[in-house]
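None of the figures in this text is laboratory data; all of them are computed from the coordinates on show. Please read these numbers as outputs of a predicted model, since none were measured by experiment. Heads up, the Cβs are rebuilt from the backbone with ideal geometry, glycines too, and the neighbour counts pull from every protein chain shown.
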Amino acid sequence: MNDTLSRIKAEAERRQAAAATGKSSSQELAQRRHEAAAPLFKAFADVEDSFVRIDVLKEIWPDDYQRRPDRARGLVMGVLGGERCPSGLALHIPGGQASYAVELTWDGKVVYVSSRQTKTAQPQAWKFETPEPWLEAFYLTMATLLEL
């Protein structure tokens with residue numbers, strides 16, 4: 001094999017090894033976010049069968065609220081991070097959406113992010129280093145939405 005072909009082959013092998021390492025690393029990061037988000041999913045599981053207040057349903061879906069699910073699980077817009085390793089939830093709220101997610105900083109620290117986007121105001125986001133205030137924000141949001 002000549003020098004050019006051996007260099008090309010070595011480069012191809014290096015790229016394959018780097019891609020395999022990157023895939024493994026991204027899966028580990030997704031698993032860390034998923035594990036950090038476990039308290040959120042447990043809290044949501046506790047209330048997912050609770051009824052949503054009628055006035056909230058009317059604000060979110062004014063034209064067809066009676067055809068929408070009336071349980072908390074019906075407020076879920078999406079699961080953040082994918083179905084395999086979810087790391088957060090996006091929820092319908094009156095006038096927009098709220099989301100609760102776990103992110104990792106560039107240096108590997110876990111950050112708990114709560115955000116709110118409405119049609120009439122600038123998006124807002126809050127970042128917490130511990131899960132307690134993040135979960136408190138989730139509880140507060142659910143308290144305003146659910147029939148308790």
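Treating r as the C-beta distance of Arg7 and Leu29 and R0 as 41 Å, the FRET efficiency rounds to 0.80. When you restrict to C-alpha pairs under 8 Å that are six or more residues apart and normalise by the size of the chain, the relative contact order lands at 19 percent. Proximity of backbone amide H atoms, modeled 1.01 Å from N, is registered between Gly81 and Ser87 at under 5 Å, excluding neighbours fewer than 5 places apart on the same chain. Can you list the DSSP H helices in the chain whose Cα atoms extend at least 18 Å along the helix axis and whose mean Kyte-Doolittle hydropathy is 0.0 or higher? Result, helices passing both filters: 131-145. Peptides 2-9, 42-49 ranked from most to least packed, by the mean per-residue count of other Cβ atoms within 10 Å: 42-49, 2-9. Our coupling estimate for the range 56-62, obtained by passing each phi through the Karplus curve with A = 6.51, B = -1.76, C = 1.60 and θ = phi - 60°, is 5, 4, 5, 6, 6, 10, x Hz, Gly and Pro reported as x. Mind checking which of Ile93, Ser26, Trp134 is farthest towards the positive end of the range 3-145's charge dipole, using Cβ charges of +1 (Lys, Arg) and -1 (Asp, Glu) about the Cα centre? Working it through, the farthest residue towards the positive pole turns out to be Ser26. Seen from Leu57, the other residues with C-beta closer than 9 Å to its C-beta sum to a net charge of 0, counting Lys and Arg as +1 and Asp and Glu as -1.
Under 5 Å from the amide H of Arg53 lie the amide H atoms of Leu146, Glu147, each residue being 5 or more positions distant or on a separate chain, with H modelled from the backbone and absent for Pro and chain starts.
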